[in-house]
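For reference, the structure discussed in these notes is given below.
No lab work stands behind these numbers, since they all come straight from the coordinates. Given the structure is predicted, the values throughout are model-derived calculations rather than measurements. As a convention, Cβ positions derive from the backbone with ideal geometry for all residues, glycine included, and neighbour counts pool all protein chains shown.
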Amino acid sequence: MTTEMQTETASLDNGLLMGGFVIGLMVGIVTALFSGTRLRPRLSESTEMLRDKLEAIKPVDPLTQSLEEGKAAARRRRAELGIQR
């Protein structure tokens, strides 16, 4: 292959690549515009479910947990002794 043919081929490849990119971008934009109204509620619902799952597996602060256990134990002991607050 001559240098002239290689340059021509490279130019053609770059042009096809850029054309494919532009066409793909336009198809993606049109698809997003038409499916966006149906997609948003599903994304919102999925986000809420994920947030709930993360809250459920979130590690508990040991200090907060100890304080809650202590308060619960104090309430039980007051109830056993018949002490009203």
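A Förster radius of 41 Å, combined with the Cβ-Cβ distance separating ALA73 from GLU48, puts the computed FRET efficiency at roughly 0.70.
Just subtract the alpha-carbon distance of ALA56 and LEU25 from 0.36 nm times their residue separation and send over the number in nm, one decimal. Working shown, then result.
On the way: separation 31, 0.36 × 31 = 11.16 nm, distance 3.94 nm.
Fully extending the segment from ALA56 to LEU25 adds 7.2 nm.
Here the Karplus curve 6.51 cos²θ - 1.76 cosθ + 1.60, taken at θ = phi - 60°, turns the phi angles of the stretch 41-57 into couplings of x, 5, 5, 4, 5, 5, 5, 5, 5, 5, 4, 5, 5, 5, 4, 5, 9 Hz, with x standing for Gly and Pro. According to the Cα-based calculation, Rg over Rh for the stretch 25-85 is 1.50, with Rh computed by the Kirkwood formula. 3J(HN,Hα) couplings calculated from phi for the stretch 18-30 with the Karplus curve 6.51 cos²θ - 1.76 cosθ + 1.60 (θ = phi - 60°) are, in sequence order, 5, x, x, 5, 5, 5, x, 5, 5, 5, x, 5, 4 Hz; Gly and Pro show x.
Of the peptides 64-71, 77-84, how do they stack up when ordered by the mean number of other Cβ atoms within 10 Å, highest first?
Listed from highest to lowest mean packing, they are 64-71, 77-84.
The calculated FRET efficiency for the pair THR37 and GLN65, based on their C-beta separation and a Förster distance of 41 Å, comes to about 0.40.
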